[in-house]
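The values are calculated or read from the model by the stated rules, or taken from the named source; none is laboratory data. These figures come from a predicted structure and were not determined experimentally. Every residue, glycine among them, receives a Cβ derived from its backbone with ideal geometry; neighbour counts consider all protein chains shown. With ligands, DNA and RNA removed, areas are computed over all heavy atoms of the protein, side chains included. Shrake-Rupley method; radii C 1.70, N 1.55, O 1.52, S 1.80 Å.
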Amino acid sequence: MLPCRDGGGYHPAVSDASSDTPPAPTLRRCDLHLHTRHSSWGHARVLRARDSYSHPADVFDRAKAAGMDYVAITDHDSIEGALRLLEQRPGRAAEIIVGEEVETRLPDTGQRLHVNVFGLDETAHREVQRLRGDVHDLVAWLRRRRLLFVLNHPFWSYRFQKRPRAYVEEILGLFDHIEVANSTMPAGHVEAAEAMLRYGLALGLRKTAVGGSDAHVLDHVASSYTLAPGGTATEWLASVSRGECRYVASSIGFPRLLSHIYRAIGHYYAGLLAPEARASMRPLNYLAAAAFLPGATVLGVPAILACLNEIKQRSVLALTRRSLERGVTAPAPLEALD
């Protein structure tokens, strides 16, 4: 089933039903892409910075307050956030999904891909980390283990390493689930991802779209999410695996994204005052933090880089979408694909 985008005009077709028709199952909500302070910032490890400074319990509380039935923690190459949450809220374990955002690569181009994996334990996590150097090895193992896995923000790292259709065809051959809704992505992401699904359908490949906020701060937890039937987290994940789901998409916009970047920088420097943070710092780390401070506060380097990345991503999304739409002679509306 190809899910629908709430608020965007896409909804399942409604047919006349007799009084004997059983009621539709209750759809339960889950934000499938959430980060906590256990996500490290891999781009500048010398700083010892984190990609998020949210505590797992706070993320859980925020998601529940926003109406999420289940909460999936997906830290970068780590399941520590989810495990800590289970320790802190043992009575809510049935509502917690252990996940992980795995960074892997296409071996021929080196392009990085982010893949959310759900239902992990520590043994599976170690194997995922061992295999993440090659996306083909990773996906083959995940399929054998029958774990739900999703390609996140499919155009995030795409810079025309291959022609658009060649790239999309490779991705559609690897992944059955695509993150269409991601609140941090630029304008045009949802439309490009939907064009990808239509292109796949034209090739006879029916894929499933899901949504998650990709929240690194508490403010936009549950801004995008996935709906599926399931009375337990395991049943819910099984429904998503079968494609019995739809997504709700909402973008936070570039100004808010930029504010979140600077808030993270503020948390980083404020955190250096805490004994816990200083315990992991060495002279080289302090030197890097001191060197980074003028660029972050005076020169505005993070803002400049974020603006350039926004422009670059919007261009990639627009060009890729046009290429995919040219490859579909008579695109079907998404509501007709359920």
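Could we say that Ala318 is surrounded by 13 or more Cβ atoms within 10 Å (Cβ to Cβ) and either under 30 Å from Leu201 (Cβ atoms) or of a type in the set (A, V, I, L, M) (or both) here? So Ala318 fits the description; yes.
Val190 meets the conditions (1) without any contact (Cβ under 8 Å) to a residue 40 or more places away in the chain; (2) part of a helix (DSSP H, G or I); (3) hydrophobic (A, V, I, L, M, F, W, C) in every case but one. The failed one is (1).
Taken as a whole, the condition of being at pLDDT 95 or above and touching a helix residue (DSSP H, G or I) at 6+ places or on another chain (Cβ under 6 Å) applies to Ser54.
Residues are listed down the side, and each one gets a yes or a no for (1) in contact with an Asp or Glu (Cβ under 7 Å, 6 or more places away or on another chain); (2) open to solvent by less than 10 Å² (accessible area, probe 1.4 Å); (3) touching a residue at least 40 places away in the same chain (Cβ under 8 Å):
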residue	(1), (2), (3)
Val210	yes, yes, yes
Asp219	no, no, yes
Thr226	no, yes, yes
Glu235	no, no, no
Gly243	no, yes, yes
Arg246	no, no, yes
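Scanning the stretch 124-142 for residues that are touching a residue at least 60 places away in the same chain (Cβ under 8 Å) and either buried (at least 21 other Cβ atoms within 10 Å of the Cβ) or not in a loop (DSSP other than H, G, I, E, B) (or both) turns up nothing. For the stretch 71-85, residues that are open to solvent by less than 10 Å² (accessible area, probe 1.4 Å) and in a strand (DSSP E or B) total 5.
For the stretch 143-171, the set of residues classified as assigned to a helix (DSSP H, G or I) and open to solvent by less than 10 Å² (accessible area, probe 1.4 Å) consists of Tyr167, Val168, Ile171, listed by residue number.
Scanning the stretch 29-63 for residues that are among the basic types (Lys, Arg) and surrounded by fewer than 17 Cβ atoms within 10 Å (Cβ to Cβ) gives a single hit, Arg45.
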